[in-house]
Amino acid sequence: MIKPIIQLQNVSFQYDETQALNNISFHVQEGDFLALLGPNGSGKSTLLKLILGLLKPTSGEIKLFGEPIQAFKQREWIGYVSQKSNSFNSGFPATVEEVVRSGLTKKIGLFKRYPQNVKQLVGEALQAVGMENFATRNIGQLSGGQQQRVFIARALIAEPKLLILDEPTVGIDHENVQSFYDMLVKLNEERQITMILVTHDVDIVSEHISHVACLNKTIHFHGYKNDFDHISQQKLDAWYGHKVRKIH
Ligand code: ADP
Ligand code: MG
């Protein structure tokens, strides 16, 4: 049976001055790999923050794993890598190992001890993102792309069922973007982790994603990636004002 992971029903959100989201309804199911597209300011990050419970909708309803978000307690099921995760400077005083280990606090509670096999868990999480040789390095001395992988490992160590990534490849060299996405695809396929990815790189990731949502305050399209491929360029231009390039 396919399980709903996220359900939004008529969700709107208003900042003081700005209506960021207007009457959004859509759902994500277990195992989906959803690419969330939209120009800057279209509400992508706001939508993710609503799903993460960091913001509360002005109106409408959100369910996580079938439960109203107000009643949902299993925060550790949801991993989040924010837009700014990869901006530690070279002086930041933490090793890769420490950063990844800190991903367990959500799971075990802030002041409880780490499990005895924590080193092994850290090693496995780093291996999943191809960073097992960097455990003792200082996080600030890694490239943006390497830091981003470490933050994904930090999310993975809590064994999330859903991973939410907000523009994770911003600042990653072009030649490393493809292998970064290959890693995400592997996590989705091998661990059945449901993925929500905010990205502008649909052309690179498109072979492996299952669904696309186009956002610009409202949802203009949400459906299978194959159906997205049949949307005309004119329609996309009308939604986005020539900002999204169609990909083949
Ligand atoms: P995106 O991630 O797609 O670039 P955001 O969700 O960050 O878009 O922003 C959507 C709209 O809400 C924009 O007009 C933005 O200026 C506004 N906005 C975002 N965050 C805040 C905030 N903390 N306070 C007020 N307005 C905000
Ligand atoms: Mg954003």
- Those chymotrypsin sites (Phe, Trp or Tyr not before Pro) in the stretch 136-188 that DSSP places in a loop and that have at most 12 other beta carbons within 10 Å: none
- Tell me, what is the percent relative contact order of the chain, built from C-alpha pairs under 8 Å that lie six or more residues apart? 26 percent
- Message: What do you get for the angle between helix 118-128 and the principal long axis of the chain? Use alpha-carbon atoms, 0 to 90 degrees, nearest ten.
- Response: 50 degrees
- Task: Please go through the stretch 1-88 and write out the GluC sites (Glu not before Pro) that DSSP classes as loop and that have at most 14 other C-beta atoms within 10 Å.
- Result: GLU17
- Task: Run down the aspartates and glutamates and flag those whose C-alpha is under 14 Å from the C-alpha of LYS235, throwing out any fewer than 8 positions away in its chain.
- Result: ASP227
- Task: List the aspartates and glutamates whose Cα lies under 14 Å from the Cα of LYS119, skipping any in the same chain that are fewer than 8 positions away.
- Result: GLU97, GLU98, GLU132
- Under 29 Å Cα-Cα from LYS63, which lysines qualify once same-chain neighbours fewer than 8 residues away are excluded? LYS3, LYS44, LYS49, LYS73, LYS84, LYS106, LYS107, LYS161, LYS186, LYS217, LYS225
- Item | 5 angstrom amide H check on PHE13, placed H, neighbours 5+ away | ALA20, LEU21, ASN22, ASN23, THR58
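Might you report the magnitude of the Cβ-based charge dipole of the chain about its Cα centre, with Lys and Arg at +1 and Asp and Glu at -1, to the nearest 20 debye? Walk me through the intermediate numbers first.
Numbers: 26 positive and 25 negative charges, 161 e Å.
Dipole magnitude for the chain comes out near 780 debye.
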- Item | Within the chain, helix-based [θ] at 222 nm, where runs of 4 or more DSSP H residues each add -39,500 (n - 2.57), nearest 500 | -8500 deg cm²/dmol
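Suppose R0 equals 41 Å; then what is the FRET efficiency for GLN14 and SER232 from their Cβ-Cβ distance, rounded to the nearest 0.05?
Details: r = 32 Å, r/R0 = 0.78.
Efficiency for this residue pair is about 0.80.
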- For helix 144-156, what angle does its Cα long axis make with the longest principal axis of the chain, in degrees from 0 to 90 and rounded to 10? 80 degrees
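Using mean Cβ contacts within 10 Å as the protection proxy, how do 118-124, 94-100 order, highest first? Working shown, then result.
Values: 118-124: 16.3, 94-100: 20.3.
Packing proxy ranking, top to bottom: 94-100, 118-124.
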- Taking Rh as the Kirkwood radius computed over alpha-carbon pairs of the stretch 126-223 and applying Stokes-Einstein at 4 °C with viscosity 1.567 mPa s, one gets a diffusion coefficient in µm² s⁻¹ of 90 µm²/s
- Query: Which of PRO93, PRO168, PRO160 moves most in a GNM of the chain, Cα contacts under 10 Å?
  - Reply: PRO93
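Throughout, read-outs are computed from the coordinates displayed, never taken from laboratory work. Just so you know, these numbers come straight off a predicted model, no measurement behind them. Don't worry about glycine lacking a Cβ; one is built from the backbone with ideal geometry, like all the others, and counts go over all protein chains shown.
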